[in-house]
Amino acid sequence: MSERLRSSESWLGAAIAAGLFALAAALAGRLDLPLILVGLGAVCLGGWLGGRGRTSPPLRPATTAQRHAVAEALLAHVPDPVILVDRRTLVVEANPAARALLPALHHARPLSFALRDPEVLEGIEAVLSSGVPRRVALSTRVPLERTFEVQIGALPMPDGSGVNALLFLRDLTSARRLEAMRVDFVANASHELRTPLATLIGFIETLQGPAREDAQARERFLEIMRVQALRMTRLIDDLLSLSRIELREHVAPTAVVDLGALARQMVDAQGPPAKARGAMVQFEDGAGPYRVPGDADELARVIENLIENAVKYGGGRISVGLAREDDPRLGRRVVLSVADDGPGIPPEHIPRLTERFYRVDVASSRARGGTGLGLAIVKHSLNRHRGRLAIESTVGQGTIVRVSLPEYGAAAAQPAAADQAGAA
């Protein structure tokens with residue numbers, strides 16, 4: 001129907017043109033039979049040529065371009081990294097998730113410039129030569145440790161240019177960490193809970209036996225049991241908090257937090273407990289606000305743990321301060337410092353302070369309610385926030401703990417995982 005309509009439009013156009021020509025000739029007084037025959041011939045020729053041109057098949061470049069645009073849009077919305085390479089392992093296409101994971105990934109450059117894992121590169125060669133799909137494990141350690149399953153498949157090109165290789169990277173980080181956390185939780189919990197449980201069982205047996213009628217002993221034993229039960233509660237809470245943080249450690253927070261306001265809240269909250277222990281906490285705000293990308297609850301826990309450690313193991317004066325610094329490698333940073341005038345920490349202990357359940361003095365830490373997990377929680381929280389932890393201590397003079405976080409809106413040169421440095 002559409003072809004017939006286009007043909008009739010061509011004949012109509014030719015007839016109108018001939019009619020206008022005849023009208024002009026009549027007005028000029030030159031209309032005769034030869035001229036009429038010429039006009040009719042022009043109508044027939046114009047209609048035939050016009051219909052022939054209209055009935056030719058339309059070109060398809062626009063349709064192909066539309067299909068390419070749809071394919072690129074679909075690829076861009078795939079949340080997992082997807083990479084397409086040719087037979088020379090040159091990058092043909094990559095979605096935004098792949099470019100975010102591998103910043104050195106560029107079009108028409110070898111994949112090995114951005115991804116240097118031998119197993120993945122060998123898998124690509126094997127798929128290109130055999131056409132059989134393969135699965136390869138990939139682990140990255142910078143800026144954070146992550147685990148992927150790389151699914152490699154052969155993709156024939158519709159233009160007949162050959163077979164390319166398609167890489168689909170499935171993130172297994174959360175699943176692997178969850179599995180490791182289950183094992184660690186059972187091992188750590190069973191080890192740390194054994195002592196308070198043994199204490200509770202011993203006192204319960206004593207109250208059921210020799211101290212059944214001893215009111216003074218009963219009150220004393222019940223208080224010890226209460227302290228041990230609270231210790232187990234703190235330990236379980238810290239283990240669960242650490243597990244939750246580790247599960248999300250590879251996912252950077254997107255909210256914006258005023259670190260100065262959080263520090264002020266934590267100083268006010270820790271003031272009364274510190275005063276009960278004979279310590280005083282001071283806060284030096286500086287030129288705020290100090291806006292950083294972060295999770296408010298996790299950053300509040302970081303500040304709380306640092307102040308609690310200073311109150312428990314430091315001296316009588318604790319100073320909490322905030323400042324800005326320009327790091328030539330990391331860019332603009334916000335630095336939180338917690339300083340005390342306590343006995344200090346021997347230098348051989350500083351590199352291990354963020355290990356789970358590591359204590360400089362085991363007996364003293366347990367007596368003061370420590371679980372050995374406070375700085376481990378701080379370290380993993382800062383890993384998630386792309387922060388850094390530095391501990392400086394001098395025996396007999398005190399300890400300074402500094403937390404460095406990227407300032408919101410400032411361009412960082414390179415992402416960095418949390419680490420620690422000690423100076424005697």
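The values are calculated or read from the model by the stated rules, or taken from the named source; none is laboratory data. Everything quoted here is computed from the prediction, not taken from an experiment. Positions of Cβ are backbone-derived with ideal geometry, glycine not excepted, and every protein chain shown enters the neighbour counts.
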For this session: Return yes or no: is Ala108 of a type in the set (A, V, I, L, M, F, W, C), in contact with a Leu (Cβ under 7 Å, 6 or more places away or on another chain) and part of a helix (DSSP H, G or I)?
Result: no
For this session: Test Ile377 against the criterion of being at pLDDT 90 or above, more than 18 Å from Ile345 (Cα to Cα) and among the aliphatic types (A, V, I, L, M), and give yes or no.
Result: yes
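Conditions (1) touching a residue at least 12 places away in the same chain (Cβ under 8 Å); (2) within 18 Å of the chain's Cα centre (by Cα), marked per residue:
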position	(1), (2)
Leu144	yes, yes
Asn164	yes, no
Leu172	yes, yes
Ala180	no, no
Exercise. With region 245-360 as the region, which strands (runs of 3 or more DSSP E) entirely inside it contain at least 2 residues that are buried (at least 20 other Cβ atoms within 10 Å of the Cβ)?
Worked result: 317-327, 331-340
For this session: Give region 231-249 a look and list any residue that's more than 23 Å from the chain's Cα centre (by Cα) and free of Cβ contacts under 8 Å to residues at least 12 places away in the same chain, or say none.
Result: Thr233, Asp237
